[in-house]
Amino acid sequence: MSPVKKFTAGPLSFIVKHELWDGNIHDHADQGVSIAVMADVAGKETTLLRFNCFDLEKSYVYGPENPDPQPAVSMTQDDLPETLSGSGQFYRMDPITDGNPIGWTIRTLGTKLPKMLERAGYPQVAAAANMAEVRDVLPEVEACARELFAAERNTVKHNRGTHIFPAGNIRFGLEMRRQQGGDGGLAVHVLTDIGGATQNSYVEETEILAFDCFWQAPHYHYGPRNKNHRIYWDKTLVEDPLGWVFEQFENRKLGAMIERAGYPGVAADLDLEKIASILPAIKEKARELQAEGERLTGHPGLPLEPTPNLAGR
């Protein structure tokens with residue numbers, strides 16, 4: 001579990017922690033750092049403000065636990081959009097104008113905190129806040145948030161696969177995977193060389209996409225060694241995840257997925273014709289491995305023994 005750091009300034013506490021969100025489970029695929037402003041309200045430790053400093057989710061919330069925060073717009077209640085009424089008034093940061101979300105959050109807390117606390121519905125806490133103490137502690141909050149953003153990032157290094165298919169500047173690896181808890185199935189790894197020419201000793205083969213076609217919790221990773229944004233398939237709609245994977249490849253979605261994983265240069269150099277020519281052989285071997293898992297364990301692509309990742313959190 002990621003550490004939770006607490007910083008105190010008079011009646012206020014600043015809670016900093018790393019969070020991992022999975023698509024179709026926690027909301028959307030994302031991860032980053034949250035900064036919460038908390039205080040004792042009627043004997044209960046209460047979140048007054050929350051700032052989401054994530055890869056994609058850059059937002060802040062007034063009064064997440066307040067059933068009736070005060071709207072600060074000149075509209076009638078009937079006219080208020082859903083995100084500005086009721087509990088937890090929600091706003092997006094604009095990454096173009098606001099810049100880095102951690103930096104923006106710290107600057108905002110140092111200048112606007114009392115007004116934000118009033119807006120969140122806690123005027124008494126706002127009046128009691130000592131801004132000199134707040135500004136003294138904010139550098140520590142910022143340093144902690146930046147450290148957790150980098151140090152606690154969830155990434156994973158899978159095995160490259162037991163069957164490798166070169167396809168231009170990328171290669172596909174197929175592997176029968178089994179986790180310690182028993183879930184598993186066929187994995188499709190998309191690999192490339194990062195960090196230099198292949199003749200250099202420091203070049204590194206990097207997994208840029210991973211598709212885990214598991215029998216219990218099938219999911220796929222954008223950039224397992226980069227952002228590692230995970231999306232879980234809806235098994236009601238996607239009954240054959242492996243078939244779905246090959247459908248994306250055949251429909252030439254691979255380039256866009258590689259860009260989304262954070263590797264636009266690799267996407268630009270794809271040889272789509274080469275990939276199309278090798279796909280039939282990959283599909284044939286993949287289905288053979290699924291059948292082997294069915295024979296061994298009763299689940300497609302699932303081996304008898306666990307296959308640990310090379311590295312992961």
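The values are calculated or read from the model by the stated rules, or taken from the named source; none is laboratory data. None of the values given here were measured: they were computed from a predicted structure. Cβ: placed from backbone, ideal geometry, glycine included. Neighbour counts: every protein chain shown.
The table that follows gives values for the structure above.
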| read-out | value |
| --- | --- |
| Selected residue [within 28 Å of residue 289 (Cα to Cα) and touching a Pro at 6+ places or on another chain (Cβ under 6 Å)] from 217, 261, 210, 256 | 210 |
| Residues within segment 86-128 that are outside any helix (DSSP H, G or I) and buried (at least 19 other Cβ atoms within 10 Å of the Cβ), tallied | 5 |
| All positions within segment 228-268 that are surrounded by 15 or more Cβ atoms within 10 Å (Cβ to Cβ) and of a type in the set (Gly, Ala, Ser) | 255, 261, 262, 267 |
| Count of residues meeting criterion [of a type in the set (Asp, Glu) and assigned to a helix (DSSP H, G or I)] in segment 151-207 | 0 |
| Residue, nearest to the chain's Cα centre (by Cα), within segment 1-24, restricted to residues that are part of a loop (DSSP other than H, G, I, E, B) and over 19 Å from residue 127 (Cα atoms) | 22 |
| Top-ranked residue in segment 209-226 [being surrounded by fewer than 22 Cβ atoms within 10 Å (Cβ to Cβ), in a loop (DSSP other than H, G, I, E, B) and in contact with an Asp or Glu (Cβ under 8 Å, 6 or more places away or on another chain); ranked as modelled with the lowest pLDDT] | 225 |
| Filter pass, residue 271 being in the same structural domain as residue 205 (by TED's automatic domain parsing), surrounded by fewer than 16 Cβ atoms within 10 Å (Cβ to Cβ), farther than 20 Å from residue 207 by Cα and in contact (Cβ under 8 Å) with a residue 24 or more places away in the chain | no |
